[in-house]
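Structure, as structure tokens:
No value in this document is a laboratory result; all are computed from the given coordinates. Treat the numbers as computed from the prediction; the structure is a model and nothing was measured. Cβ atoms come from the backbone with ideal geometry, glycine included; neighbour counts cover every protein chain shown.
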Amino acid sequence: MARLFAVVNQKGGVGKTTTSVNLAAGLAGQGRRVLLVDLDPQGNATMGSGIDKRKLARTIYHVLLGLGEASSVMARSESGSYDLLPANRELAGAEVELVELPNRESRLKSALAPLATEYDYILIDCPPSLSLLTLNALVAAQKVLIPMQCEYYALEGLSDLVGTVKRVRSNLNPQLEIAGLLRTMYDARNTLSQQVSAQLEEHFGEKVYRTLVPRNVRLAEAPSYGTPAVVWDRASRGAQAYLALVQEILARDIETENRAVSA
Ligand code: ATP
Ligand code: MG
């Protein structure tokens, strides 16, 4: 059964899409069957996967509104070797249109359920808001991966997000847990980064991924080639960090599996 991760942070530009795309390609590179779901009307994960969002007749929007099956919308990222449920600006309308529909928070969950046996990992790239779209991701997922920049306001936003995760767990999705916090665009020479990073470790302990993603221009350049950085320039420091994150996630998942088997 697939492990479902929602990549969430209501703050914009913290590295959600970069993380989603590189994790998807990195896990695929380790032989895992991966589906990436673009749940952001910006369609950045779609473009970064090498799929032109402007040329799509059908997207995740149609799936959420019950106008098409996930299988009929599915695209393949050849550059990343994973499957993609793409998005474009049409998805912005779903926010309003979903409100009228039954089970508005669990539409993504229902759409992904039949795919769970076909993948090892399903990653959902969320928009920068705690909107109905993000809520759909949190209801569908088992785990939340939170990319964040180590700056002053990051901690404030984090407590809102943790509160939302707790509310979703009590009301809609009892299995939901925080998989980990990922420090992105990290600058080790910056004192504030170090301080915020230390505070994160203090409050969240094991939930903070050991891997630190440095600020690295190759990560920012790769999307314009429609290729994840871990494929496009594997040797770059940014790509190496995401490959280390893949190993960290795989190791944690194997550990949980072993515990389940021996219990
Ligand atoms: P949004 O909230 O708009 O969806 P996001 O959280 O998905 O944004 P990204 O799109 O991944 O964030 O990253 C924001 C910008 O920073 C992009 O231009 C991306 O290429 C760049 N970027 C992401 N991570 C890094 C990094 N580690 N080093 C340098 N640039 C980065
Ligand atoms: Mg994004």
Highest GNM mean-square fluctuation, the chain, Cα pairs closer than 10 Å: which of Leu108, Leu67, Leu27?
-> Leu67
Dividing the alpha-carbon radius of gyration of the chain by 2.2 N^0.38 Å (N being the number of residues), what value is obtained?
-> 0.95
In deg cm²/dmol, rounded to the nearest 500, the helical mean residue ellipticity at 222 nm of the chain, built from -39500 (n - 2.57) for every DSSP H run of length 4 or more, is -13000 deg cm²/dmol
Sequence-distant or interchain residues sharing an amide H contact under 5 Å with Gln149, placed H: which?
-> Thr184
Ordered by residue, what ³J(HN,Hα) values in Hz, to whole numbers, does region 78-91 give under the Karplus form 6.51 cos²θ - 1.76 cosθ + 1.60, where θ = phi - 60° and Gly and Pro are x?
-> 5, 5, x, 6, 9, 8, 9, 9, x, 9, 8, 4, 3, 4
Gap in Å between the Cα centre of region 34-86 and the Cα centre of region 107-168?
-> 17
Does region 147-236 come out rounded, prolate or oblate, given a ≥ b ≥ c as the square roots of the eigenvalues of its C-alpha gyration tensor, rounded meaning a/c under 1.5 and, failing that, prolate meaning a/b above b/c?
-> oblate
Can you list the HN-Hα couplings for region 71-76, worked out from phi with the Karplus curve (6.51, -1.76, 1.60; θ = phi - 60°), rounded to whole Hz and with x for Gly and Pro?
-> 4, 7, 9, 4, 10, 10
Projecting the Cα atoms of Gly180, Asn190, Phe204 onto the charge dipole of region 171-213, where Lys and Arg contribute +1 and Asp and Glu -1 at Cβ, the residue farthest towards the positive end is Asn190
Estimated dipole of region 176-263 in Debye, rounded to 20 [Cβ of Lys and Arg +1, of Asp and Glu -1, Cα centre] | 320
Among GluC sites (Glu not before Pro) in region 10-96, those in a DSSP loop whose Cβ has at most 15 other Cβ atoms within 10 Å are Glu69, Glu78
Give, rounded to the nearest 20 debye, the magnitude of the charge dipole that region 3-262 has about its Cα centre when Lys and Arg contribute +1 at Cβ and Asp and Glu contribute -1 at Cβ.
-> 180
Under 24 Å between C-alpha atoms is the cut-off here; go through the chain and count lysine pairs that meet it, provided they're at least eight residues apart or on different chains.
-> 17
At 25 °C and 0.890 mPa s, what whole-number value in µm²/s does Stokes-Einstein give for the translational diffusion of region 1-78, with Rh from the Kirkwood sum over Cα pairs?
-> 181
Give the long-range amide H neighbours of Val37: residues separated by 5 or more places, or on another chain, with amide H under 5 Å away, using H modelled in the peptide plane at 1.01 Å from N.
-> Leu85, Leu123, Ile124, Asp125
Expressed as a whole-number percentage, the relative contact order of region 90-230 with C-alpha contacts under 8 angstrom and at least six residues apart is 20
